[in-house]
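Written below as structure tokens is the structure these notes are about.
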Amino acid sequence: MKKILLIFSIITYCFSVNAQTLTTTATTVTSGTTVVVKAAGETPSQYLMGIQYWSKSVASPNSSMSGQVSVPAMTNFSWYNRAVGNPTTFQFNAVSAASIPLTVTYTFRVTPYDYVHLTSLPAVDRSITLTINPAPPNYNNWFTDWDNSMRYNGSDWSTTMTWNKDLVATGTVTIEVYQDGVFKGVVASNMPNTGTAFKDFTPYCELIGHTFYNITLRIISDANPSISDQSKTANMQVD
């Protein structure tokens, strides 16, 4: 009988350890949203006494996007209230730098407490999964600079362009050229998002000697063409 009771106690113990889970009020949020996490399954005899952020993973579109999601700083802890049964809660900001929705699984290591035996139980991992949509991004500082100091020499007018490669999650970019506010052509398409390029845009422009032109360049995300940034306008002279 003692063995049966012991086995029953072990089974009960295992079920109780696995009883506490983490829940959120929403599974789809916008980047920057404060996410409230609550524990479920706590009782006056067994509740959580420790929570530690453990890891994150991106399931969609792929794990390589994991670096676009910041590690949460957990705040506003409210531990289980045995008197009224309020659950353990905490919150963090779900932040994604990606320009596309990401499905992210956050894992937290929780430590249950057994009030009956006044002892901590083995820590277990509990996860929540969120789809984080990009916030309306301001990309006005994506295109950082371009060398507009040279003059057209009758054969080419190449320029070094630079942009913040980490601001927009895209593998490649497109560069367009505008002359006096009019689109003239695509300088480069499917160009690796390295943050710099050296390109000749003169074949697309209408250039006449001893004339000034207002030239601007536009960078566009190939992953999401709705994201772009225009360079500053350069008043350039043709000799």
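The values are calculated or read from the model by the stated rules, or taken from the named source; none is laboratory data. Model, not experiment: these values are computed from the prediction. Counting neighbours? That spans all protein chains shown, and the Cβs are built from the backbone with ideal geometry, glycine included. What goes into the accessible areas is simple: the full protein's heavy atoms, side chains included, and nothing from ligands, DNA or RNA. Shrake-Rupley method; radii C 1.70, N 1.55, O 1.52, S 1.80 Å.
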Note to self: Where the second residue is open to solvent by less than 50 Å² (accessible area, probe 1.4 Å) and of a type in the set (A, V, I, L, M) and the first is touching a residue at least 24 places away in the same chain (Cβ under 8 Å) and in a loop (DSSP other than H, G, I, E, B) and lies in segment 89-101, which pairs have Cβ atoms under 6 Å and are six or more apart or on separate chains?
What the structure shows: Ala98/Met65; Ala98/Ala169; Ser99/Val168; Ser99/Ala169; Ser99/Ile227
Check: For Val116, are the conditions met, namely being over 15 Å from Gln52 (Cα atoms), aliphatic (A, V, I, L, M) and at pLDDT below 90?
Finding: no
Next item on the list: Please determine, by comparing only the residues of segment 34-43 that are modelled with pLDDT under 95 and open to solvent by 50 Å² or more (accessible area, probe 1.4 Å), which one is farthest from Ala123 (Cα to Cα).
Entry: Thr34
Notebook entry, point to check: When you go through Ser57, Ser66 one by one, which is the residue that is under 27 Å from Ser221 (Cβ atoms) and open to solvent by less than 40 Å² (accessible area, probe 1.4 Å)?
Noted result: Ser66
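Pull up segment 97-111, narrow it to residues that are of a type in the set (S, T, N, Q) and closer than 18 Å to Thr21 by Cβ, then point me to the one that is nearest to the chain's Cα centre (by Cα). So that I can check it myself, show each step before the final result.
Let us first name the residues in segment 97-111 that are of a type in the set (S, T, N, Q), namely 99, 103, 105, 107, 111.
Cutting the leftovers down to closer than 18 Å to Thr21 by Cβ gives us 105, 107, 111.
Numbers: Thr105: 13, Thr107: 17, Thr111: 29 Å.
Filtering segment 97-111 for residues that are of a type in the set (S, T, N, Q) and closer than 18 Å to Thr21 by Cβ, the one nearest to the chain's Cα centre (by Cα) comes out as Thr105.
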Next item on the list: Could you please let me know if Val104 is crowded, with 16+ Cβ neighbours inside 10 Å, farther than 17 Å from Val124 by Cβ and β-branched (Val, Ile, Thr)?
Entry: yes
